[in-house]
Amino acid sequence: MIAIVALGLVVWGVSSMGGKQATNDTGAVKIGAVLPLTGDAAVYGEPLNKVLQIAVGEINANGGINGRQVELLVEDGKCNGQDAASAAQKLINVDGVKVIIGGFCSSESLAMVPIAAAAKVALISPGSSSPKLTNASPYFVRNYPSDSAQGAVLANIAFTDKGWKKVAFIQEQTDYAQGVYSAFSAEFTKLGGTVTNEAFPTETADFRSLVSKVKSGNPDAVFLSVQTPAVAARILTQIKQLGWKPKLMAADVVPGDPETVSKYKDILEGTLTAEFGTDATNPKFAAMIASYKTKYGEEPPYQGYAQTVYDSAYLVQGAIVAVGYDGTKVANWLHTVKDWQGASGTVTIGANGDPITGHKPEVITGGKVMPYVK
């Protein structure tokens, strides 16, 4: 009798487990996301999270993925590798996701790539632009371009159009800011120019001695390569306080923040920069802007990032519809995306995981960001 009862319990247990598994298989599709929700970079993460929620809401309102609703699980990567790694591990090991949107900051993605690859989880970044992420992993793609394009575009304009031979960098010690510096420096020195670099940790508050040192080097132009508008504001304030008005170049963080461009329009006048850019005539981009404005009463900031965050949700949807909820298959599908139409325009992702697109040169004039014209 004991043996019979024991056997019955085993059979019941297996049956119960099978029933639970079937319920999970037909339940919500869990998609992870890692964004910087606290710290200086939360200025990006908070509105981009809203954009992502809008996209997922639209997908669910239209039947979800293969009839299943999407459950979006968002974690705070805090724009650094350690916290992003912890976020990825939680999403993978606790929540059991097979796909993660993120990170946003390059340092987040660089830390997450090996974790996702080991777990065979697909990772798509809508904002990480470090050149180190090119060919990073078969499980990683991004739909935002590498800074190698941004650096090369600006280096050519600086040397060829402006005739600048010596550029001094003021560079924050983050993977993104380092990537911009490396890409610019490689191209500028190849053309025959000279680049100096003063790097500083993110928590730096007093830039007076650093700015004075850069000024004493008498550069033709100064390049601000920073992670967030808050850091750019601190540097610009202290440059102005020192009574210096150098020719400036800036990474896309600066033109991407209208408040910074407006507040510091005097010192930023003539600043060269480059952005991925947006197309207001694109109906999908216009619809994204309208949805955000309807829900939140304003247009989304950082629209160059907003469009790729929005598209990332739909790219994930397309992948799962095509190949199923499997990290390896989703990653493989994302590496073959060609002429996909989204809010950011036509998206094609190369075998190296990078989108085939680039940055457009711009100039800041009169407190506005305008296309650069030679």
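The values are calculated or read from the model by the stated rules, or taken from the named source; none is laboratory data. Fair warning: this is a prediction, and the values are worked out from it, not measured in the lab. Please note: Cβ atoms are built from the backbone with ideal geometry, for glycine as well, and neighbour counts cover all protein chains shown.
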Among all residue pairs at least 6 apart or on different chains, which show Cβ distances below 7 Å where the first residue, located in region 343-365, is within 17 Å of LYS132 (Cα to Cα) and the second is surrounded by fewer than 22 Cβ atoms within 10 Å (Cβ to Cβ) and polar (S, T, N, Q)? ASN352/THR134; ASN352/ASN135; GLY353/THR134; GLY353/ASN135; ASP354/THR134; PRO355/THR348; ILE356/THR348
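Yes/no matrix, rows are residues, columns are (1) surrounded by fewer than 20 Cβ atoms within 10 Å (Cβ to Cβ); (2) outside the structural domain of ALA177 (by TED's automatic domain parsing):
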| site | (1), (2) |
| --- | --- |
| VAL254 | no, no |
| GLU299 | yes, yes |
| GLN307 | no, yes |
| ALA322 | yes, yes |
Looking only at helices (runs of 4 or more DSSP H) that fall completely inside region 263-374, which ones have 3 or more residues that are within 18 Å of the chain's Cα centre (by Cα)? 303-323
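Let me confirm something: among ALA122, ALA118, which residue is of a type in the set (A, V, I, L, M), in the same structural domain as SER291 (by TED's automatic domain parsing) and without any contact (Cβ under 8 Å) to a residue 24 or more places away in the chain?
It is ALA118.
Search region 114-138 for residues being among the hydroxyl-bearing types (Ser, Thr, Tyr) and closer than 22 Å to THR346 by Cα, and hand back the single one that is farthest from the chain's Cα centre (by Cα). Working first, answer last.
Taking region 114-138 as the starting set, the residues that turn out to be among the hydroxyl-bearing types (Ser, Thr, Tyr) are 125, 128-130, 134, 137.
Next, from what is left, pick out any that are closer than 22 Å to THR346 by Cα: 125, 128-130, 134.
On the way: SER125: 6, SER128: 4, SER129: 6, SER130: 9, THR134: 14 Å.
My answer is THR134.
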Please work out if ILE170 is under 16 Å from the mean Cα position of the chain (by Cα) and touching a residue at least 60 places away in the same chain (Cβ under 8 Å). no
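Could you list all residues from region 203-240 that are assigned to a loop (DSSP other than H, G, I, E, B) and in contact with a helix residue (DSSP H, G or I) (Cβ under 7 Å, 6 or more places away or on another chain)?
Selection gives ALA205, PHE207, VAL226, GLN227, THR228.
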State the number of residues belonging to region 82-115 that are without any contact (Cβ under 8 Å) to a residue 40 or more places away in the chain and closer than 17 Å to PRO36 by Cα. 9
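Go through region 197-238 and count every residue that is hydroxyl-bearing (Ser, Thr, Tyr) and surrounded by fewer than 16 Cβ atoms within 10 Å (Cβ to Cβ).
Pass one, region 197-238, residues hydroxyl-bearing (Ser, Thr, Tyr): 202, 204, 209, 212, 216, 225, 228, 237.
When the remaining residues are screened for being surrounded by fewer than 16 Cβ atoms within 10 Å (Cβ to Cβ), the result is 204, 209, 212, 216, 237.
Of the residues in region 197-238, 5 are hydroxyl-bearing (Ser, Thr, Tyr) and surrounded by fewer than 16 Cβ atoms within 10 Å (Cβ to Cβ).
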May I ask you to verify whether LYS338 is of a type outside the set (Ser, Thr, Tyr), more than 17 Å from LEU72 (Cβ to Cβ) and either modelled with pLDDT of 95 or more or in the same structural domain as THR134 (by TED's automatic domain parsing) (or both)? yes
Can you tell me which residue is farthest from LYS360 (Cα to Cα) among those in region 205-236 that are without any contact (Cβ under 8 Å) to a residue 24 or more places away in the chain and hydroxyl-bearing (Ser, Thr, Tyr)? SER209
All positions within region 145-168 that are surrounded by 24 or more Cβ atoms within 10 Å (Cβ to Cβ), at pLDDT 95 or above and not small (Gly, Ala, Ser): LEU154, VAL167
